[in-house]
Amino acid sequence: MRSVVVDGMRRVKGTPRASLPAPTTARQPIQAGGNGATSPATPPVLRTPPRRTEHTHTLVLLRHGESIWNREKRFTGWCDVPLTAEGEEEAMEAGKILGMRGFTFDIAFTSELVRAHRTCDLVLKSASLPSTKCVRSWQLNERHYGDLQGQGKEDPIMLETYGEDNVFEWRKSYTVPPPPMGPSHPYWAPPPAPLTESLFDCQERVLKYFREEITPRMHNGSQVLIVAHANTIRALVKVLDSISDENIRGLRIPNSIPLVYKLDENMLPVGEKDDWGFQGEYVISAGTHERLVAVERSQRRVLTALFKALDQNENGSISLGELETGLEKLNWDLTPRTKKLLDQIADRFLLDSDSDIDIEEFIDLARTFWKQQDHFRFVDPRAVPVDKGLYKGASSFQDPEPKPGKGVTKYPVKEGYCETTEFELLRK
């Protein structure tokens, strides 16, 4: 009689813990406009699994580990702030998972700021690639926050001085920069440091460097790692995925979770876009899975990363053996929530151990599991005004109910589950 081990417990085939629904029919993919954004008149729907497309180049993007000012929720920009101890651990974890997944790099690029190049050094060392050349450049530095640099993102004096709505606009707008930094500012620096930047300004310098220095290396066959900052990576993602100016406002880049792009000979991502317009794929471990859940707006994107971490053969399906050996090989220190989810997946194999699980069934099982749990609340992004409320504040995605400020619309929270769209996962 066949059995499977999950979370240290062996369960025998034929004794499922809960009945599971039949897989749902795949929905048709939504149509994208010329800029890659979905039509606002069409609600987000699930995509069919992407075709396995040949690719020529692999590009891995990585935001630095947690810095001291990340923890203190301060505008960092070009200020040279070191990693926290946890940030160093995050960087080493990223390197270990890249090494275990077989990634190698011919060259790495990073910024002149210590939080980025320290992360790069730790990643390469932990991936057993310590001899990989690492090139530093100020063009990959974080976006310059002008007069806001060094100030707390939730500092009431700062918010009162500039106006909360103005600060929100400066942080999330694609084209509107914060006020410029004056020479008397405590963190003023000489050129090449700018006085302030919008995301567009940051994107222009990052893309120029990417096209002139990084792309030629990739055309010559080099596998490239870029370790940089939230806004420099957002700038690259916006162009790689043709994300609209509006949708880029909602993109958050988690610390030290590798984001992998497979590119064709024209340096364009291969495969289909997800419902938000993205084609990059996260590479995760159990610990980073929990951090990804805290910031990623697409539930499907989170589940796809979890599925790929278990798909040891990279054939688009998970067998009973892969579920067992994958967990053992990845050495997952599972959280209670992930343990329960994978235990539910084990139940499916106890019912039918000879049939593998593909990505669509995996997502159906996970969503059914979460529907039955009390651990999550789901927010319908179609009902949320993009410009106010949803992305306000540095920790909006972590807080169960972000506090509305003056002139900010508090977003609606729907309890339970809805079959028709993707949802934000928020911890209670």
(request) Please name all residue pairs, on different chains or six or more residues apart, with Cβ atoms under 6 Å, provided the first residue is in segment 263-282 and is under 21 Å from ARG211 (Cβ atoms) and of a type in the set (Gly, Ala, Ser) and the second residue is modelled with pLDDT of 85 or more and open to solvent by less than 40 Å² (accessible area, probe 1.4 Å). (result) GLY280/LEU259; GLY280/TYR261
(request) Filter segment 153-178 down to residues that are under 17 Å from ARG249 (Cα atoms) and hydrophobic (A, V, I, L, M, F, W, C) and give me whichever is least open to solvent (accessible area, probe 1.4 Å). (result) VAL167
(message) For segment 280-296: of the residues being open to solvent by 30 Å² or more (accessible area, probe 1.4 Å) and either at pLDDT 70 or above or of a type outside the set (Gly, Ala, Ser) (or both), which is nearest to ASP343 (Cα to Cα)?
(response) ARG291
(request) Report whether or not VAL224 is modelled with pLDDT of 95 or more, more than 19 Å from PHE75 (Cβ to Cβ) and surrounded by 17 or more Cβ atoms within 10 Å (Cβ to Cβ). (result) yes
(message) Checking GLU169 against (1) in a helix (DSSP H, G or I); (2) among the charged types (D, E, K, R); (3) over 27 Å from VAL239 (Cβ atoms), only one condition comes out false. Which one?
(response) (3)
(request) Among the residues of segment 84-127, write down those that are small (Gly, Ala, Ser) and farther than 15 Å from LEU259 by Cα. (result) ALA85, GLY87, SER111, ALA116, SER126, ALA127
(request) Would you check if GLN299 is open to solvent by less than 10 Å² (accessible area, probe 1.4 Å), at pLDDT 75 or above and not β-branched (Val, Ile, Thr)? (result) no
(request) Considering only residues that are over 30 Å from ASN313 (Cβ atoms) and among the hydroxyl-bearing types (Ser, Thr, Tyr), look in segment 82-116 and name the one that is surrounded by the fewest Cβ atoms within 10 Å (Cβ to Cβ). (result) THR84
(request) Name, by its number, the condition in (1) open to solvent by 10 Å² or more (accessible area, probe 1.4 Å); (2) within 21 Å of the chain's Cα centre (by Cα) that does not hold for LYS125. (result) (2)
(request) Quick one: THR119 ticks every box in (1) under 24 Å from VAL237 (Cβ atoms); (2) open to solvent by 30 Å² or more (accessible area, probe 1.4 Å); (3) in contact with a Gly (Cβ under 6 Å, 6 or more places away or on another chain) except a single one, so which number is it? (result) (2)
(message) Restricting to segment 302-321, give me the number of residues that are polar (S, T, N, Q), at pLDDT 80 or above and part of a loop (DSSP other than H, G, I, E, B).
(response) 2
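The values are calculated or read from the model by the stated rules, or taken from the named source; none is laboratory data. It should be emphasised that the depicted structure is a prediction, and the values quoted were computed from it without experimental measurement. Backbone-built Cβ (ideal geometry, glycine too); neighbour counts: all protein chains shown. The area values use the complete protein model at the heavy-atom level, side chains included, leaving out ligands, DNA and RNA. Shrake-Rupley method; radii C 1.70, N 1.55, O 1.52, S 1.80 Å.
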